[in-house]
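These notes are about the structure you will find just below.
We did not get these values from a lab; they are worked out from the coordinates using the rules stated. Please read these numbers as outputs of a predicted model, since none were measured by experiment. Cβ: placed from backbone, ideal geometry, glycine included. Neighbour counts: every protein chain shown.
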Amino acid sequence: MATLNDHSTISTPVRGGGSLLPFWIACLIIAAFLVFGAGLSPDPKSVTSEGGSVETASALLWGYAALLLIWVAPGTALGRGWHFVLLFLLFAARELDMDKAYLSEGILKARLYTGDAPLGEKLIGLLVIALILSVLIRMVRENLGDWWRALRQGTTWALAAGGSLLLAVLSKTIDGAGRKLAPLGIELSDRLDSRLGIAEEWMELGFVLLAILAVCLWARGRSEFNTAP
């Protein structure tokens, strides 16, 4: 997760006084999903399997993060920071596998555009990719510099956002590690590949949880600024 542009939000009021309550609510949501998932199946691996409790909780929490940002700072979330709301919703859709649920190939798969998929599906895929790129470009242009300065100053929300980004990169790196390494002649044991898959799901959950924490800490910083004498 990148950060909200400080220059555009200095005078933007926030709700909740920067409380960490939404973060703790997110932790309770995770705990509830884990308990519920464990109760449904005696196999602990089912909790971290595709469509399991961890993945479902991640999807729900990305939607929660979008609503949280709109609630704490509607002027930012629906104004200059609209791309963060859209980003969170895109992550939620990704966790629900919506990128490959309705088309013959995944939207991010080259086969969709080079294969025999219908033209309509290719156009839909290209539109989604254009939307993703517009969000990323806007984040880099509007927020990267502010986040980097805040990170160098040790600001808590910037650290949380950096940790969230790190988990995102790590989870993507080990996603399908066995499949990625096979063409290089590197074979992973089924046990190691399975454990990496489990680690990936937990990292993705940590990714969204730290993003929610970053929103809460950012709101706290804005609240303190706006109430300063």
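Take the residues in the stretch 86-97 that are closer than 18 Å to L133 by Cβ and among the hydrophobic types (A, V, I, L, M, F, W, C); name whichever of them is surrounded by the most Cβ atoms within 10 Å (Cβ to Cβ).
Here is the first cut: in the stretch 86-97, the ones closer than 18 Å to L133 by Cβ are 86-91, 93-94.
Retained after the next criterion (residues that are among the hydrophobic types (A, V, I, L, M, F, W, C)): 86-91, 93.
Numbers: L86: 16, L87: 23, F88: 26, L89: 15, L90: 19, F91: 23, A93: 17.
Checking each candidate, the answer is F88.
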Exercise. Which condition does L188 not pass, out of (1) more than 23 Å from E50 (Cβ to Cβ); (2) outside any helix (DSSP H, G or I); (3) among the hydrophobic types (A, V, I, L, M, F, W, C), if it passes all the others?
Worked result: (1)
For this session: Among the residues of the stretch 173-185, write down those that are in a helix (DSSP H, G or I) and more than 23 Å from the chain's Cα centre (by Cα).
Result: G178, R179, L181, A182, P183, L184
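Go through A150, A168 for me and flag whichever is closer than 23 Å to L60 by Cα and either among the hydroxyl-bearing types (S, T, Y) or in contact (Cβ under 8 Å) with a residue 24 or more places away in the chain (or both).
Unique residue meeting the criteria: A168.
Taking L123 as the residue in question, decide whether it is crowded, with 17+ Cβ neighbours inside 10 Å, assigned to a helix (DSSP H, G or I) and either more than 17 Å from the chain's Cα centre (by Cα) or among the β-branched types (V, I, T) (or both).
No; evaluated as a whole, the condition is false for this residue.
What about A117, is it in a loop (DSSP other than H, G, I, E, B), buried (at least 17 other Cβ atoms within 10 Å of the Cβ) and either of a type in the set (G, A, S) or on the phi > 0 side of the Ramachandran plot (or both)? Quick ask: steps written out before the conclusion?
Details: in a loop (DSSP other than H, G, I, E, B): yes; buried (at least 17 other Cβ atoms within 10 Å of the Cβ): yes; either of a type in the set (G, A, S) or on the phi > 0 side of the Ramachandran plot (or both): yes.
In short, yes.
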Exercise. Can you find a residue in the stretch 149-172 that is outside any helix (DSSP H, G or I) and more than 30 Å from G79 (Cα to Cα)?
Worked result: no
